[in-house]
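Following: one structure in structure tokens, then a few remarks.
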Amino acid sequence: MNTDAHPKVTQVQAALHAGAVDVTVRQIDTATPTALAAAEYVGCEVGAIVKSLVFLADGAPVLVLTSGSHSVDTGLLARRIGVEAITRASPEDVKSAPGLVIGGVAPVGHP
């Protein structure tokens, strides 16, 4: 574990506390590119991991949270939110929307 918190980690921790969620955000210093890798690193079931995925809904960024053991049905998502097309955001889209990189998008703390 890394003891020097990245500014985004501090931002996420503050957002959680503001919402009365009493947890501690852990920043890890090892790449965990998949939910399975993250689950193995922290020692939990893959379903306990939250995947924060950025999609483009008719070109606008949408943050989707799902269990690490599930995938997103983009057709169903499009129907549920009333858009024509859902596509996976590119690394550039993710960087410009929440200002993060793929693999580092938190489920909370966004403007």
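Counting only the Cα atoms, the chain fills a convex hull of 116 Å³ per residue. Entry note, the chain: the mean residue ellipticity at 222 nm calculated from DSSP H runs of n ≥ 4, each adding -39500 (n - 2.57), is -8500 deg cm²/dmol after division by the residues and rounding to the nearest 500.
In debye, nearest 20, what is the charge dipole magnitude of the stretch 1-102 about its Cα centre with +1 on Lys and Arg Cβ and -1 on Asp and Glu Cβ, if you could check? Let's see the in-between values first.
Details: 7 positive and 10 negative charges, 28 e Å.
My answer is approximately 140 debye.
The residue among Val23, Gly75, Val108 whose Cα reaches farthest toward the positive pole of the charge dipole of the chain, with charges on the beta-carbon of Lys, Arg, Asp and Glu, is Gly75.
Every read-out reported here was derived from the displayed coordinates using simple, explicitly stated rules and does not represent laboratory data. Here the structure is a predicted model, which means the values were calculated and not measured. Using ideal geometry, Cβ is built from the backbone for each residue, glycine included, and neighbour counts are taken over all protein chains shown.
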